[in-house]
1. If you take the residues in the stretch 118-139 that are outside any helix (DSSP H, G or I) and among the hydrophobic types (A, V, I, L, M, F, W, C), which one is nearest to VAL18 (Cα to Cα)?
2. Where residues in the stretch 41-58 are under 16 Å from ARG29 (Cβ atoms) and of a type outside the set (S, T, N, Q), which of them is nearest to the chain's Cα centre (by Cα)?
3. Among helices (runs of 4 or more DSSP H) lying entirely in the stretch 50-94, which contain 1 or more residues that are among the charged types (D, E, K, R) and at pLDDT 90 or above?
4. Using beta carbons and a limit of 6 Å, which pairs, at least six apart or on different chains, have the first residue in the stretch 22-46 and without any contact (Cβ under 8 Å) to a residue 60 or more places away in the chain and the second one of a type in the set (Lys, Arg) and assigned to a loop (DSSP other than H, G, I, E, B)?
Amino acid sequence: MKKRTPVSAIMTKNVIAVNKTDDLETAERLIKQNNIRHIPVVSGEVIIGMLSYTDLLRISFAEATNEYDNEIETVIYNMFTIDQVMTKNVMTVNSETTIKEVAEILAKHEFHALPVLENGELVGIVTTTDLINYLIDQF
């Protein structure tokens, strides 16, 4: 296993993000369509938060009762904005941060995803799944 491998080797580069002005239905649709669990929230080019599928489940009673009842889900989602639900003060890394350093951050802070920035611009996202897949490839 290479100790100095940069996170750019395993991160997802084609990042799907939502704008803080988007609605929660849009965020959920993107999460489900793209089979992802975390989505960066941006304002223009600046990352201002992270939204996870778990965040959506916390506010959605519809998921627990009837997954096909979009009317209930719409009412609940209309009660909140992305800004109210997302995690703010997001920790980020750059593309040269080592995979080991990323793993230490994720473990210490109990995060499951980190946005990767270069010169303040979102260039990727790395998740615990990316790390596990990297470890599997090493054996």
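The values are calculated or read from the model by the stated rules, or taken from the named source; none is laboratory data. None of these values were measured; they are calculated from a predicted model. Positions of Cβ are backbone-derived with ideal geometry, glycine not excepted, and every protein chain shown enters the neighbour counts.
1. Among those that are outside any helix (DSSP H, G or I) and among the hydrophobic types (A, V, I, L, M, F, W, C), it is LEU122.
2. Filtering first and then ranking leaves LEU51.
3. Of the helices (runs of 4 or more DSSP H) lying wholly inside the stretch 50-94, those with at least 1 residues that are among the charged types (D, E, K, R) and at pLDDT 90 or above span 53-59, 82-85.
4. VAL41/LYS20; SER43/LYS20
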